[in-house]
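Reading through the structure tokens given below for one structure.
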Number of protein chains: 2
Amino acid sequence: MSTGADVVIGRLLAGGVDVCFANPGTSEMHFVAALDHTPAMRAVLCLFEGVATGAADGYARIAGTPAATLLHLGPGLANGLANLHNARRAHSPVVNVVGDHATYHAAFDAPLQSDIEALAGWPDGVVVRPATASALANAVDEAIAAAVGPPGRVATVILPADYSWSTAEDTAAAVPAPSATGAEAGADIAPVAELLRTHGADTVLLLGGAATDAAGLTAAARISAAVGARALVETFPARLSRGAGVPPIERLAYLGEQAEQQLAGISHLVLVGARSPVAFFAYPGKPSGLVPRGTQIHTVEPADLDRLVEALAAPALSPAPAAPPTLPTGPLTVANWVEVIGALLPERAVIVDEANTSGLLLPAATAASPRHEVLTLTGGAIGQGLPVAVGAAVAAPDRPIIALQADGSALYTISALWTMAREQLDITVVILNNHAYAILQLELARVGSAATGPQSRSLLDLGNPDIDFVAIATGFGVPASRATTAEDLAEQFRAALGQPGPHLIDAAIPAWG
Amino acid sequence: MSTGADVVIGRLLAGGVDVCFANPGTSEMHFVAALDHTPAMRAVLCLFEGVATGAADGYARIAGTPAATLLHLGPGLANGLANLHNARRAHSPVVNVVGDHATYHAAFDAPLQSDIEALAGWPDGVVVRPATASALANAVDEAIAAAVGPPGRVATVILPADYSWSTAEDTAAAVPAPSATGAEAGADIAPVAELLRTHGADTVLLLGGAATDAAGLTAAARISAAVGARALVETFPARLSRGAGVPPIERLAYLGEQAEQQLAGISHLVLVGARSPVAFFAYPGKPSGLVPRGTQIHTVEPADLDRLVEALAAPALSPAPAAPPTLPTGPLTVANWVEVIGALLPERAVIVDEANTSGLLLPAATAASPRHEVLTLTGGAIGQGLPVAVGAAVAAPDRPIIALQADGSALYTISALWTMAREQLDITVVILNNHAYAILQLELARVGSAATGPQSRSLLDLGNPDIDFVAIATGFGVPASRATTAEDLAEQFRAALGQPGPHLIDAAIPAWG
């Protein structure tokens, strides 16, 4: 005899979802109990919901398939929303299972009662609330189908406790095969090919989504070389191939002023899996859209890039061999720490990049490193890096995961370190510790504010007291060390890569300027 | 010339809101800059939004007036929601200022764009989005008025960046005097008085809201003694007076089975500022409502309790003098750690109680301690304790704040420790470290699950690795120590109370059973 919780887990497994990042409470106890009958579902305990949802995002970016989360009623979902926002912007498929009070208990307005639908719909998500226990199986199937897309998205099944504990049967039909993860190839590419032949020199190809893998970047580079068009990658790609053998296509800059320069003078913009670029924030007297006035916008599906290469007869490239940087020496700076990473980056690494201002020079330093992938902060909701690293490591236990993490952003989801320790995930965390919200020091000037009084300075300063990430990591069970010179960082980074399990390096990086 | 941000801060100050718990981002930089012109507004930096909102709750519970929070767009508000849910259940007035993109930027769907209203309304909150910059002053006044109530509630002003940076004038009328924080006295109490005279023995007075201060508890105890009615305090009061001179009225139990026993056999229930009691969660085969069938329910405003005392001519009480517990010895247990607190509790302390299962014996141990107040987890969204302690300490810098904090719950908002250190708040944190979600171990059994397989056990276990709160606190700049015996705890607790600023004690308390 199976319960509703058994059915939910069974349908998740049938739909290819076999990892659940969990932070359960009382209303989820039957789901937890059911996990003991279904060892095929791997449950990973997270100590905060934002870790669970960020891990599901990271898992999906690497595995290409969704993980589940298990969250406790409205407040539990609320704590997970910021990283679901980032997952939405990454088009990551995520299936949340949010436990709810028993259906008949809702009318009593018990302390944890709230409007779960209002929250679950917020990240443009699909919400499925089964009407009866026997509707559970279809509800799970529906959520998985919605999550997988394409495009990938966040889907939430609300699981009332009484449905969880009811006797239930898996009455769903066979699981439909998951859809492909991108749009089909086959559109008419002749007009864009003609455009590129005739206006290549004043055209930019902006690459996003599925076009930022090695094949997409290579195709774009060939087209670029053949017709003189410039290629750029969207500012915050969900998953970007980099390193040896991959054309080091520049990313569109975060700072609108720089992005405007990158796009200056173009007449045509070809969007390949990317959205039309906009400024991250508005600033007094500066434009919100970044596309120059009069530019014509065209679109090409990433799946059609190879056909475009053929249509243009774009020759293969034989790039000049490049070498990673040599190891620098001396006190750590914003310029040399990235050279350490670039020099020592192992094969097949996954870089989770929430280095923010400290990482501005990272792309140049890693262009000639061994082939790797970079996962970025897609939605701007900080606190994404450590959880995404957890999920990436669960998805790819055989790959080294490198989390490059700004100090201020690390603290939103710092308990991710504990999950790394419990699961012995092969993650090397480098905290870029400049004791400041350095990006806000920059932004305070950019918004046109001349103020630098004591209250504003204090609100952007993470010193007084300085935060000791070695101590914090140790407290969560992650071995940690402190680096103040390039030599320290190189030695500690190499050592961390050479040992299994998580490690953290608290790297003292001065802020810019 | 003032900006919209200046106007917002000016109106907050005019409305009596002079503390802002802040976690700003780019869209809030003009607000941050404006703080330098308005030193009367105290800005307290929090490193996670749930710390800011929980601190605003704690501030309001002690000060009786709202604090502001400063949050960054939808994701920032999302991170603050769980503690706003608790604030809602505490009827705490809170005024959120949530920065938004410039109005004209919204259409560009920049990465951080989201539906802020959907989130701000979730905790049954009032949302004010000014239509123009010149509407800002009235918007702030409206939010303050809504927050103050009565009853106190969560109100949110959405502050678009372009309004913040626009030239603006304070065009609002004079600030209306804040309403009283409770309903007025003066209802017809004769029927309830008559009921109590004739049916006292089978009546329970359930006290909540404003009735849980010393005056309310004393009045209830007098009535109880005069007519034989039992008095109980709601399970999770927002602010409860306790200790010498205050009748130690029992709280309604968290466990429904116990609560049913407390209410068994009654015919009448008189709600004095409390809601009709319901089970926290639903359980198979157990009722959701806790009031026995056939019970008649009556209500009395807390402000009318004294008139009820008069109407019943209830004599003053002269309780037998009681003494706090003596200091225990030996390894720490769930029974003896509370005796250490009870024995050493200083005058006028504020206990922030998120001890959960470890704290079940706390009330008995502190009944005869010096007069103090207890702030509890009103909404069940864990991660409330450390932030509420921050807010209470800001509101009452002359009172010792004692945060009794379960280990698992501490980790949702652990960076509150840093704000304690920066602001040198006089808070003693005792972590009840049983290396488990012990309440869920209990709940797993209560929901009728017989499962105790490896996955379910693992999801309720916070060991592997054990969490070292001494190291974590040290990392955040809070001096910390570890206690394994009652003697350790007494020595460290006494030392912490004797020194200014925050301290943390990581107390090894075995779980029940």
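The values are calculated or read from the model by the stated rules, or taken from the named source; none is laboratory data. Small disclaimer: the values here were computed from a predicted structure and weren't measured. Using ideal geometry, Cβ is built from the backbone for each residue, glycine included, and neighbour counts are taken over all protein chains shown. Heads up: the accessible areas ignore ligands, DNA and RNA and are worked out on the full protein's heavy atoms, side chains in. Shrake-Rupley method; radii C 1.70, N 1.55, O 1.52, S 1.80 Å.
Roughly speaking, to the nearest percent, how much of segment A:4-165's 1.4 Å accessible area is carbon and sulfur?
Taking all protein chains in place, segment A:4-165 shows 56 percent carbon and sulfur surface.
With the full set of protein chains in place, find how many percent of the accessible area of segment A:336-508 is carbon and sulfur; take the probe as 1.4 Å.
On the way: 2540 of 4660 Å².
Here it works out to 55 percent.
Taking 0.36 nm per intervening residue step and subtracting the Cα-Cα distance, what contour gain separates B:Leu255 from B:Asp124 on full extension? List each step's numbers first, then the result.
Numbers: separation 131, 0.36 × 131 = 47.16 nm, distance 2.64 nm.
Once the chain is fully extended between B:Leu255 and B:Asp124, it gains 44.5 nm.
Could you work out the equivalent-ellipsoid semi-axes for the protein assembly as shown, taking the square root of 5 times each eigenvalue of the Cα gyration tensor, largest first, in whole Å?
Working: eigenvalues 507, 188, 160 Å².
They are 50, 31, 28 Å, listed from largest to smallest.
Where does the Debye-calculated log10 I(q)/I(0) of segment B:369-513 sit at q = 0.16, 0.21 Å⁻¹, using only Cα point scatterers of equal weight, no solvent?
Evaluating at q = 0.16, 0.21 Å⁻¹ gives log10 I(q)/I(0) of -0.87, -1.34.
Which value in Å is the Kirkwood Rh of segment A:116-167 over different Cα pairs?
11.3
Give me the log10 of I(q) over I(0) for chain A at q = 0.06, 0.09, 0.11, 0.12 Å⁻¹, as the Debye formula computes it from C-alpha points; what are the numbers?
Per q value, in the given order, log10 I(q)/I(0) is -0.30, -0.67, -0.98, -1.14.
Quick check: at a probe of 1.4 Å, how many percent of the accessible area of segment B:189-312 sits on carbon and sulfur atoms? Walk me through the numbers on the way to the answer.
On the way: 2500 of 4890 Å².
On segment B:189-312, the fraction of accessible area on carbon and sulfur atoms equals 51 percent.
Top to bottom by accessible area (1.4 Å), largest first, where do B:Arg11, A:Arg457 land?
Sorted by accessible area, descending: A:Arg457, B:Arg11.
How big is the convex hull of the Cα atoms of segment A:189-312, per residue, in Å³?
91
Largest first, please: the extent of the C-alpha atoms of segment B:389-473 along each principal axis, to the nearest Å.
Principal extents (largest minus smallest coordinate, Cα): 50, 26, 15 Å.
In whole Hz, what ³J(HN,Hα) sequence does segment A:186-194 give by Karplus (6.51, -1.76, 1.60; θ = phi - 60°), x for Gly and Pro?
Values per residue, Gly and Pro as x: x, 5, 6, 9, 4, x, 5, 4, 5 Hz.
If you roll a 1.4 Å probe over the heavy atoms of the protein chains, what accessible area per residue do you get for the protein assembly as shown, in Å²?
33
What FRET efficiency, computed as 1/(1 + (r/R0)^6) with R0 = 25 Å and r the Cβ-Cβ distance, is obtained for A:Ala320 and A:Asp461, rounded to the nearest 0.05?
According to the calculation, E is roughly 0.05.
Taking 40 Å² as the minimum loss, tell me which residues in segment B:373-418 lose that much accessible area going from the chain by itself to the full protein complex (1.4 Å probe).
Going by heavy-atom accessible area, the residues of segment B:373-418 that drop by at least 40 Å² are B:Leu411, B:Tyr412, B:Trp418.
Would you mind getting me the FRET efficiency between A:Ala107 and B:Ala131? Use the beta-carbon distance for r and R0 = 30 Å, nearest 0.05.
0.20
In deg cm²/dmol, rounded to 500, what helix-only [θ] at 222 nm does chain A give when every DSSP H run of at least 4 residues adds -39500 (n - 2.57) and the total is split over its residues?
-10000 deg cm²/dmol
Around A:Leu345, what is the net charge, scoring Lys/Arg as +1 and Asp/Glu as -1 over all other residues with Cβ under 13 Å from its Cβ?
+1
List, in order, the whole-Hz ³J(HN,Hα) value for each residue of segment B:298-307 obtained from phi through the Karplus relation with A = 6.51, B = -1.76, C = 1.60 and θ = phi - 60°; use x for Gly and Pro.
Running phi through 6.51 cos²θ - 1.76 cosθ + 1.60 with θ = phi - 60° gives 10, 10, 9, 6, x, 5, 9, 4, 5, 5 Hz.
What's the center-to-center distance, using Cα atoms, between segment B:53-104 and segment B:363-398 in Å?
Cα centroid to Cα centroid, the span is 19 Å.
Can you give the net charge of the other residues whose Cβ lies under 14 Å from the Cβ of A:Thr326, counting K and R as +1 and D and E as -1?
That works out to -2.
Sort A:78-87, B:333-342, B:262-271 by packing, meaning the average of other beta carbons within 10 Å per residue, with the highest value first.
Descending packing order for the listed peptides: A:78-87, B:333-342, B:262-271.
Output the Kirkwood hydrodynamic radius of segment A:296-384, Cα pairs only, in Å rounded to one decimal.
16.0
Sequence-distant or interchain residues sharing an amide H contact under 5 Å with B:Leu159, placed H: which?
Placed amide hydrogens put B:Val98, B:Gly99, B:Asp100 under 5 Å from B:Leu159.
Using amide H atoms built 1.01 Å from N in the peptide plane, name the residues 5+ places from A:Ala238, or on other chains, whose amide H lies under 5 Å from its own.
Under 5 Å from the amide H of A:Ala238 lie the amide H atoms of A:Gly209, each far enough along the sequence or on another chain.
Of all beta bridges DSSP finds with both residues in the protein assembly as shown, what is the antiparallel percent, to the nearest 5?
Of all bridge pairs located within the protein assembly as shown, approximately 10 percent are antiparallel.
With unit charges on the beta carbon (Lys/Arg positive, Asp/Glu negative), name the residue among B:Leu360, B:Ala229, B:Thr38 whose Cα is farthest towards the positive pole of the charge dipole of chain B.
Checking the options against the dipole of chain B, the answer is B:Ala229.
Given Cβ point charges of +1 (Lys, Arg) and -1 (Asp, Glu) and nothing else, what value in debye, to the nearest 20, does the dipole of segment B:189-312 about its Cα centre take? List each step's numbers first, then the result.
Details: 10 positive and 11 negative charges, 39 e Å.
Roughly 180 debye for segment B:189-312.
Remind me, what semi-axes does segment B:52-203 give for its equivalent ellipsoid, largest first in whole Å, using sqrt of 5 times each Cα gyration tensor eigenvalue?
Here the semi-axes work out to 38, 18, 12 Å.
Would you please give the residues with an amide H less than 5 Å from that of B:Phe21, counting only those at least 5 places away or on a separate chain, with H modeled from the backbone geometry?
Result for B:Phe21 returns B:Val44, B:Ala68, B:Thr69, B:Leu70.
Which whole-number percentage describes the relative contact order of chain B, with Cα contacts under 8 Å and a sequence gap of 6 or more? Provide the component values of the computation, followed by the final result.
Details: 1174 pairs, mean separation 73.0, N = 513.
The value is 14 percent.
Counting Lys +1, Arg +1, Asp -1, Glu -1, what net charge surrounds B:Ala161 among other residues with beta carbon under 13 Å of its beta carbon?
That sum, taken over residues with Cβ under 13 Å, equals -2.
Over 17 Å apart: what share of the alpha carbon pairs of segment A:337-388 falls there, rounded to a whole percent?
33
Rounded to the nearest 5, what is the percent of antiparallel bridges among the DSSP beta bridges in segment B:189-312?
On the way: 2 of 16 bridges.
Restricted to segment B:189-312, the bridges split so that about 10 percent are antiparallel.
On average, how many beta carbons from a partner chain sit within 10 Å of the beta carbon of a residue in A:456-463?
Numbers: counts 10, 2, 8, 15, 4, 2, 4, 2.
Taking all residues of A:456-463 together, the mean is 6.
Among A:501-511, A:316-326, B:189-199, what's the highest-first ranking by average C-beta atoms within 10 angstrom per residue?
A:501-511, B:189-199, A:316-326
Among A:Leu240, A:Ala139, A:Ala118, pick out the residue whose Cα is farthest towards the positive end of the charge dipole of segment A:105-258, where Lys and Arg carry +1 and Asp and Glu carry -1 on C-beta, about the Cα centre.
Highest projection toward the positive end goes to A:Leu240.
Between B:Glu487 and A:Asn138, what is the spin-label point distance in nm, taking each point 7 Å from the Cα along the Cα→C-beta axis?
6.8
I'd like the accessible area for B:Lys286: 1.4 Å probe, protein heavy atoms, all chains in place, Å² to the nearest 10.
70
Chains A and B: buried accessible surface, both sides, probe 1.4 Å, rounded to 100 Å²? Intermediate results must be reported in sequence, preceding the final value.
Numbers: alone 20760 and 20760 Å², together 33560 Å².
Summing both chains' loss of accessible area gives about 8000 Å².
By DSSP, what percent of the beta bridges with both residues in chain B are antiparallel, rounded to the nearest 5? Could you put the intermediate results ahead of the total?
Values: 8 of 71 bridges.
Counting DSSP beta bridges with both partners in chain B, the antiparallel share is about 10 percent.
Take peptide B:431-444, look around each residue's Cβ out to 10 angstrom, count Cβ atoms belonging to other protein chains, and average those counts.
Working: counts 0, 0, 0, 0, 0, 0, 5, 0, 2, 7, 1, 1, 7, 7.
Whole-number average of other-chain Cβ neighbours for B:431-444 is 2.
Quick check: the angle from helix A:385-395's long axis to the longest principal axis of chain A, C-alpha only, nearest 10 degrees?
70
Residue by residue through A:101-113, how many Cβ atoms from other chains fall within 10 Å of the Cβ on average?
6
Which length gain, in nm to one decimal place, applies between B:Arg494 and B:Ser267 when the Cα-Cα distance is subtracted from 0.36 nm times their residue separation?
77.0 nm
Solvent-accessible area of B:Arg89, probe 1.4 Å, all protein chains present, reported in Å² to the nearest ten, please.
40
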